[in-house]
Amino acid sequence: MILPKFIRKLLAVLRGGVSPPIIFLSVMVGFCFGLIPGWSGLHTVIVIVMLIMNIHTGLFLLSGALAKSLCFAAAPVLYHVGAWMQAHMSFVLGLLESVPLIGITDFNRYSVTGAIVLGPIIGAIAGLLMARSVIGFRRKLLKFEEGSDKFRKWYSNRWVRIMDRVLVGKRTKDAKSLFAAKTKYIRKAGVALAAIVLVASVIVTYLIKDSTIKDYASRKMTQANGAEVNLESLNLSALTGSVSASGIQVTDPQKPQNNQLSIEKVAADASLYNLLLGKLVMEKVELSNIKFDQQRSTPGTIPESNTQEKPAIFDSNDFKLENIDFAKLDTYLKDAKALKEKLQKLRRWLPKADGKKTTAQVKQIPQKYLEYLQARALVPASPRIMAKQAILDKVQISWPIFGNSKVLLTNLSDSPKTAKLPITFEMTSYDTPASINVTIDYSTKDQAPKLSGTFNSFDMSKIQSGLSSDVGLMFESGLASGQFSGTATNESIDLTLDIAISSLKAKGQGKGVLGLGSDTTSQAFEALNDLKTTIRVVGPVTEPRLVFDVKGLTDGFKKALVQAGKDRLANEIDSQLGKQIDEKLGDKVPEEIKDALKKPEGLLKGLGGLLGGKKEEDK
């Protein structure tokens with residue numbers, strides 16, 4: 001019976017022209033390939049290396065099969081070695097992640113990192129044993145041929161050589177040539193074959209990549225949103241780097257039957273180098289036809305882990321506040337409930353607080369055998385999806401201060417903490433002069449990233465429509481600008497706002513402000529054209545408190561009331577003098593003198609001169 005070709009090739013290793021170094025490399029590379037679980041960028045690179053180098057295919061496949069069996073048998077060993085690598089040699093993994101194709105590998109899996117260490121070690125030992133065994137067999141064969149005349153005579157028969165060639169395969173002319181074979185490390189035909197494999201890989205990637213990347217992007221956005229996110233299509237060209245997506249639906253976690261955001265189309269250009277690292281990095285992303293609060297055809301799903309989230313309890317001691325220093329939003333806003341709902345949605349997109357350890361952050365030991373191959377390191381994954389710049393044009397904002405606006409975002413990613421880049425949000429209105437700029441700085445070493453920004457030309461008359469009647473103040477006009485800084489996480493917020501209002505016109509209502517009453521408040525604002533104050537926003541994201549600079553406001557109002565009193569006194573004097581002059585003097589005094597007498601400031605200066613005072617220019 002004729003032996004299978006695969007078996008014949010393996011037998012030919014013992015007595016063929018395969019040199020011991022090639023035997024060693026074939027076995028070692030095969031173990032490196034087979035011991036790594038699944039399929040990754042490392043597997044692709046190893047296959048390319050195998051094709052280019054003059055590696056024996058039979059030994060490679062046999063070693064790979066043995067290593068794959070060992071991968072399942074030694075899963076706990078791979079797990080523990082990988083855990084040690086993550087703890088002590090993470091910088092090596094970082095270097096591997098920066099190499100094209102290899103970077104596609106998921107180095108956060110313990111079994112993968114363990115196989116990277118054990119694969120070459122076990123492969124080298126197995127390769128040395130195999131090479132030594134082949135050398136020993138060839139020496140025995142040489143000794144047998146040189147020391148046995150009967151064997152040489154028997155093997156010289158034509159039919160023996162034919163049967164040997166048919167059953168086993170080609171062999172060297174004599175045993176001495178087994179040790180004289182030259183080692184060729186590069187396979188010329190393999191270079192062309194490797195190029196064909198690369199082209200085939202690109203084609204296969206083109207056929208399967210869109211669904212794979214689409215599922216990954218949907219999963220990551222769902223985790224960030226806390227509710228289902230759908231992508232109708234996602235197209236990625238590995239040759240040109242162009243990226244496009246359509247039919248994006250972001251479910252509202254509070255109302256699963258609605259989308260809090262829907263985008264018809266997204267277009268961008270991606271970096272080819274980063275695509276080879278398994279990352280989608282887009283320089284400029286343009287979004288079109290953006291809609292808010294649209295009904296879904298079917299309600300979106302909400303992961304159970306997100307339905308259990310509860311806001312932090314407000315404790316004034318955490319922010320060093322007295323009980324009289326702060327007030328709830330309900331006191332100042334007409335519809336505080338609607339704002340709290342929006343803050344609840346915003347909470348899911350804010351950075352996570354790192355101050356406290358949670359049970360999810362504790363290393364979990366696999367409970368089932370195969371879980372050793374799937375377990376992952378509890379470390380922030382490096383960003384796999386990033387948009388360096390995203391442009392949202394002609395976005396309809398429900399807040400009347402902005403209306404139709406343009407939004408610009410930078411450095412968006414699925415892992416901003418490890419990206420260590422500042423995320424910026426800039427919104428400029430087409431309908432009003434209002435604009436706002438927000439920066440979340442992840443480059444700092446603080447537990448919570450710093451949040452800062454500026455806002456300009458907020459129309460106070462438009463803000464008035466959202467204020468409660470209990471505010472005690474009605475804004476008729478004015479433009480508010482300023483800056484803010486502090487921290488904001490998904491648990492709590494602590495921001496300080498420095499506000500400056502120009503061209504201010506307002507009047508008191510209800511009880512007024514600071515207990516002054518509506519009339520006195522109105523008098524103060526008659527003389528108060530510009531106002532500067534500081535407001536601090538503290539507490540849980542969904543239940544923040546407002547802390548006002550009461551002392552600063554009181555001093556400002558005092559000065560305004562004094563000025564208002566001076567103006568009233570001057571107007572009263574002016575009125576009384578005019579009335580008396582008209583009644584007593586009548587037409588006896590020329591109009592020029594009469595007008596001068598009616599002006600109290602001119603009159604007082606004149607009296608001052610009569611009493612010995614000097615004009616300013618005479619001093």
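The values are calculated or read from the model by the stated rules, or taken from the named source; none is laboratory data. Everything numeric in this text was worked out from a predicted model, so none of it was measured. Backbone-built Cβ (ideal geometry, glycine too); neighbour counts: all protein chains shown.
A few comments on the model shown:
- Any chance LYS368 is assigned to a loop (DSSP other than H, G, I, E, B) and at pLDDT 75 or above: yes
- Residues of the stretch 228-242 satisfying the condition of being surrounded by fewer than 21 Cβ atoms within 10 Å (Cβ to Cβ) and either at pLDDT 80 or above or not in a strand (DSSP E or B) (or both): ASN230, LEU231, GLU232, SER233, SER237, ALA238, LEU239, THR240, GLY241
- Residue count for the stretch 247-287, restricted to those that are in contact (Cβ under 8 Å) with a residue 40 or more places away in the chain, in a strand (DSSP E or B) and more than 24 Å from LEU95 (Cα to Cα): 9.
- Of the residues making up the stretch 524-534, one or more are outside any strand (DSSP E or B) and touching a Phe, Trp or Tyr at 6+ places or on another chain (Cβ under 8 Å).
- Test: residue in the stretch 503-525 that is in contact with a Lys or Arg (Cβ under 9 Å, 6 or more places away or on another chain) and modelled with pLDDT of 85 or more: no
- For the condition hydroxyl-bearing (Ser, Thr, Tyr) and assigned to a loop (DSSP other than H, G, I, E, B), THR418 does not qualify.
- Qualifying residue in the stretch 232-239 (condition: under 20 Å from the mean Cα position of the chain (by Cα), acidic (Asp, Glu) and not assigned by TED's automatic domain parsing to the domain that holds TRP349): no
- Strands (runs of 3 or more DSSP E) completely within the stretch 424-501 that count 3 or more residues being touching a residue at least 24 places away in the same chain (Cβ under 8 Å): 450-459, 473-488
- Residue count for the stretch 381-415 satisfying the condition of being within 30 Å of LEU467 (Cα to Cα), in contact (Cβ under 8 Å) with a residue 12 or more places away in the chain and not in a strand (DSSP E or B): 6.
- Residue within the stretch 519-526 that is crowded, with 17+ Cβ neighbours inside 10 Å and free of Cβ contacts under 8 Å to residues at least 24 places away in the same chain present: yes
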